[in-house]
Amino acid sequence: MLAAFVNRLGTPDEIRCGELPAPRPGRDDVLVDVTATTVNPVDTFVRSGDYPTRVSFPFVIGRDLVGVVTGTGAGVHGFAPGDVVWCNSLGHDGRQGAAAEQAVVPADRLYHLPEGVEPAAAVAVVHPAATAWLALFRHGCVRPGETVFVAGAAGNVGSALVVLAADAGARVIATAAGRDLEYCLGLGAAEAHDYADPSLPARLGSVCPRGIDVYLDTSGRNDLGTAVGLLAPGGRIVLLAGAHTRPVLPAGELYMKDGSVRGFVISRATTGELDEAADTVNRLLATGRLRARTTETLPLCAAAEAHRRMEKGELHGRRLILRIAGATAP
């Protein structure tokens, strides 16, 4: 089968595109003919070694896929050949990745794609949307009526945060570039403010007089001084980006507010948590509320180019879809 893979960890130059033996499913696995995959920041972390995890070489890269079931192990129930499916947790912790003509997926990490949803549209959002779900509900413990602040709300994870939080009945305050404010409001934000406005902290204080219940910054700047100052009593700061940041934490003010700071990576999510996230993702995919703003389709063998563009910060919210050669959309 054709695959994008590495023989050692390193720069995008290590990515090769060529033939590898086709995988075989184990008892609890599903064999999937892959239609499309995509590229996430975490894919570059695994490929480079920045996120240490078990890999075996040659290592097929990539987390996410959408495709068609072609076979199942003897212990699998609920999937049959011809089913259209998706996954967002391959390519780490000993599992081979998704960037290939075929992939083996543990059945408890595989989900049916809702009828009528375009596969490439789904693969563009299943990873950022699951990340958003974990941030909001597993770690942020968002409740209806609470105020959620999303910095970087026009990006991939940011836009999913706005949609999911608004869907859950929270009041969403978004920040983004001035040109993106209308887009954020269209996603469901109650208010959207220009992050470059020098009076932003004071403005946020005025529109959130009792404070912010859940504070999320997708940019990875992690300005904890500002965040703690804006928190409501019992507020939660959730860290989900900025792996190399070393912010100063005003601990006294944080504990006086009974606040908390929690960090997470989706790679450590349990299959149960991913399954809960998938229920919400599928529901919002089916309604059309969850979608990527901009996508670009490339061939599988452009995987190295896609990783370079991701690491150089050239995408600005654009999702790169790697279409598998010869695959036909289900």
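The values are calculated or read from the model by the stated rules, or taken from the named source; none is laboratory data. Everything numeric here is computed off the predicted structure, so don't read it as measured data. Counting neighbours? That spans all protein chains shown, and the Cβs are built from the backbone with ideal geometry, glycine included. Please note that ligands, DNA and RNA were not included when accessible areas were found on the heavy atoms of the full protein model with its side chains. Shrake-Rupley method; radii C 1.70, N 1.55, O 1.52, S 1.80 Å.
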* **Beta bridges per DSSP with both ends in the chain, % antiparallel, nearest 5** => 50
* Where Rh is the Kirkwood radius over Cα pairs, Rg/Rh for the range 66-213 -> 1.09
* Structure fact -> Applying a 4.7 angstrom Cβ cut-off across the chain, unpaired cysteine residues come out as Cys87, Cys141, Cys184, Cys208
* Structure-derived P(r) over Cα pairs in 20 Å bins from 0, in percent - corresponding label in [x] 32, 55, 12, 0; [y] 30, 50, 20, 1; [z] 31, 61, 8 -> [x]
* Asked: Each residue of the range 168-185 in turn: what ³J(HN,Hα) in whole Hz from Karplus with 6.51, -1.76, 1.60 and θ = phi - 60°, glycine and Pro shown as x?
  -> 7, x, 8, 8, 9, 10, 10, 10, 6, 5, x, 5, 9, 5, 5, 4, 5, 4
* Structure fact -> In whole percent, the fraction of accessible protein surface over the chain that belongs to carbon or sulfur atoms, probe radius 1.4 Å, stands at 52
* Would you calculate, for the chain, the mean residue ellipticity at 222 nm contributed by helices, counting each DSSP H stretch of 4 or more residues as -39,500 (n - 2.57) and dividing by all residues, to the nearest 500? => -7500 deg cm²/dmol
* Cα centre as origin, Lys/Arg/Asp/Glu Cβ charges: the range 120-255 dipole, Debye -> 280
* Modelled label reach - Arg262, point 7 Å along Cα→Cβ, the range 207-227 residues with backbone N closer than 18 Å -> 212-218
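Suppose R0 equals 22 Å; then what is the FRET efficiency for Arg221 and Lys312 from their Cβ-Cβ distance, rounded to the nearest 0.05?
On the way: r = 19 Å, r/R0 = 0.85.
E(calc), rounded to 0.05, equals 0.75.
Per residue, how much accessible surface does the chain expose to a 1.4 Å probe? Answer in Å², no decimals.
42
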